[in-house]
1. With a point put 7 Å past each Cα toward its Cβ, work out how far Thr239 is from Glu59 in nm, to one decimal.
2. Beta carbons within 10 angstrom, averaged per residue: use that to sort the peptides 56-65, 187-196, highest first.
3. Could you give the nm distance between label points at Asp78 and Glu187, where each point is 7 Å from its Cα heading toward the beta carbon?
4. For the range 52-172, with all protein chains present and a 1.4 Å probe, just round the carbon and sulfur fraction of the accessible area to a whole percent.
5. Please compute the length gained on full extension between Thr131 and Val50, using 0.36 nm multiplied by the number of residues separating them and subtracting their Cα-Cα distance.
6. With the crude spin-label approximation of a point 7 Å out along Cα→Cβ, what separation in nm comes out for Glu210 versus Arg68?
7. Charges at C-beta only: +1 for Lys and Arg, -1 for Asp and Glu. How large is the resulting dipole of the range 81-160 about its Cα centre, in Debye rounded to 20?
8. Could you compute how much accessible surface Glu206 exposes when probed at 1.4 Å, giving the result in Å² to the nearest 10?
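The values are calculated or read from the model by the stated rules, or taken from the named source; none is laboratory data. Only a predicted model underlies this, so the values are computations on that prediction, with no experimental measurement involved. All Cβ positions, glycine included, derive from the backbone under ideal geometry; neighbour counts span all protein chains shown. Surface accessibility is based on the protein's heavy atoms, side chains included, excluding ligands, DNA and RNA. Shrake-Rupley method; radii C 1.70, N 1.55, O 1.52, S 1.80 Å.
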Amino acid sequence: HGMVDSRDDLKKYAAISGRFVDLNEERRADIDVVRVRERIDGLNYEFVDVLTFPEGSSELASSRIDLRSAFSKADRGDVLALGAAGSLGVGDGVNVELARLATATGNVSDLIDTGPMQVLPLNQIPPEFQTPGTDSVILTVGVRQRQVVRRTARLVRLDMKTWLTLEATMKALAETSGAAVDGLVEEVGGGAPDQFVATFSEGAIENAEEVAGWWSNSAARIARFAVAARHVHDDEEVTTWKGVRSDKLSDLLTIQDLELDTTVEWELPQHDAIVLLVVGD
């Protein structure tokens with residue numbers, strides 16, 4: 001079993017399904033030939049278990065419990081993305097070998113997602129995997145799922161008068177090293193503000209259509225666009241709000257001026273940032 005962190009890395013593993021050649025054999029350009037060392041080195045395969053099948057059959061004769069235990073002993077990834085099988089010499093044929101692959105992976109399908117697995121036949125067994133008493137080889141590759149980090153921003157539409165009052169309040173808080181509370185906008189504005197929540201994932205706005213729909217209710221142009229991030233002590237997080245996320249929001253709402261206020265720490269228990277959209281003169 002091998003491991004990769006991205007599906008982009010699967011190509012070097014998939015290459016082992018091609019034709020293997022002797023190190024001294026001349027490379028031919030008209031067939032898929034990559035030298036054995038170029039195929040195997042760096043793939044970081046590790047042994048899992050020895051399986052036993054009756055001749056010509058894909059029914060598992062060895063212990064299913066041992067297979068599952070061996071597979072569970074290490075990080076195998078979240079998704080089984082690639083599976084390949086082949087036999088030494090004539091063997092029982094490619095159909096039987098691929099059926100055995102299906103049997104093996106089927107026995108661990110509750111331990112790892114096998115749904116997206118690409119199946120490939122091995123035309124030859126790599127010499128590194130040839131061991132006495134072994135008739136065939138099953139190779140699998142797992143991929144770690146990248147965790148998607150989502151951030152939410154509370155978008156608040158303000159008129160210029162409310163903004164000026166809020167800005168003065170924030171400056172006073174900054175001078176006293178205080179924190180702006182989540183209800184500060186309501187307190188300054190004298191009631192519930194015109195607001196919406198935007199959800200960001202990988203820098204993109206997941207609910208872009210809904211945000212655009214909310215914003216289209218006003219014909220006023222933007223005079224000021226201020227972002228206050230909750231994670232003001234996290235430079236990377238602040239930079240992301242000032243860069244990628246704010247750029248996406250600016251493009252969506254055709255916003256003109258942008259400023260990231262890092263002088264005031266906001267207490268935002270439900271969201272990661274507050275975006276103040278100031279309209280009017």
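1. 6.1 nm
2. Working: 56-65: 12.1, 187-196: 13.8.
My ranking of the peptides, most packed first, is 187-196, 56-65.
3. 4.0 nm
4. Working: 3110 of 6280 Å².
Carbon and sulfur together cover 50 percent of it.
5. Numbers: separation 81, 0.36 × 81 = 29.16 nm, distance 1.10 nm.
Once the chain is fully extended between Thr131 and Val50, it gains 28.1 nm.
6. My value for the distance between the label points is 4.0 nm.
7. On the way: 7 positive and 7 negative charges, 165 e Å.
Roughly 800 debye, rounded to the nearest 20.
8. Solvent-accessible area, nearest 10 Å²: 90 Å².
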